[in-house]
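Written below as structure tokens is the structure these notes are about.
Bear in mind that the values in this text are calculations on the coordinates, not laboratory data. Bear in mind the structure is a predicted one, so any value in this text is a computation, not a measurement. Methodologically, a virtual Cβ is constructed for each residue, glycine included, from the backbone with ideal geometry; neighbour enumeration extends over all protein chains shown.
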Amino acid sequence: MSEVTAEVVEATEGATLAAEQRTDGMPVEARLHERIGAFEEALERLRIAAGPEAIHDLRVAARRLTAFVRMWRALVPRVCFRRIVRDARRLRRRAGRARDLEVQAGMLRGRLARHDAPDADALAFMKELEAPLERRRRRVAKRARSRRNRRLVALLSRAEQRLKKDLVSRLAAYEAAHAREQERRRTAIDAVRVVLGAMDDAELHRARIAIEKWRYAAESLDGSRSGAVLDALRRLQDALGAVLDRAALRAALAARIGEPDNGRAARTLASILSELDAEGPEDLQRLRATASGFLRLAEAPADAEPVRAG
């Protein structure tokens, strides 16, 4: 090896080592293996029983896996990347449709339990939510057992085995991944600023997606953000979810009560609708406080963030 070549290799190794240290020194292979394992475990639980937690776990595992592959796409073979993202997205969306209905049905079920004697219309509406929910659960479980999904698992294994390992590719991938995380950070901060200016449902939804994307991007770069920032992302995501889930249930109840052919008295549903309206201002106030605290932490310089514990 020539002296010049040796210097180039040494410099590249040093830069790669520095990049690994910025991500807690945990190899990309190990983190990808961890996410693939979580995804396969979630699939197996869903194959056994398509319950609420199984669908939720699959949705989260698919999101984390897809986010990780997107962040480190420079290391993943191109053909594998496109097919993994496409197939995981299809599965995630099918699980998402079931999960969204699960949340709505669960919220209504909890509200009805607090009423001593729900009227017939409320109980009928509960059944109308549960019937399509069971169908959606079965569809998700069927997709989890499908040949297409088995091909996805095999493709993930192939991508893991063929992950690029040369030093130049690694260094380029680290730089690209950190740039993507910074882009998602800026998008999330901008979206939260907009939300604080106008609590519009569409803007709340956009902010929730932006926060989710930054959270999973930051988790894909273990150590690039402090534990405090990740905790703030989770809290804000939960606060946004609570407001949007309440709005979705409210819209469903209002539509049911306002049906032209609904000649039945909807006393229980009307009462629940009033409860949701009364809780709305408090939920929004809580969201504003959470969002303001998040911005103070997220906009702080990286070196001013609290150090991750442990």
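Numbers below:
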| item | result |
| --- | --- |
| Two-site FRET efficiency, Arg193 against Val79, from Cβ-Cβ distance with R₀ of 35 Å, rounded to 0.05 | 0.35 |
| Net length gained if the chain between Ala254 and His56 were fully extended (0.36 nm per residue, minus Cα distance) | 68.6 nm |
| Reachable lysines from Lys142, criterion Cα separation under 25 angstrom, eight or more residues apart if same chain | Lys127 |
| Net charge over other residues, Cβ less than 13 angstrom from the Cβ of Lys164 (K, R count +1; D, E count -1) | +2 |
| Per-peptide average of other Cβ atoms within 10 Å, ordering 27-37, 272-282 highest first | 27-37, 272-282 |
| Inter-label distance, nm, simple model (7 Å from Cα along the C-beta direction), Gln161/Glu29 | 1.4 |
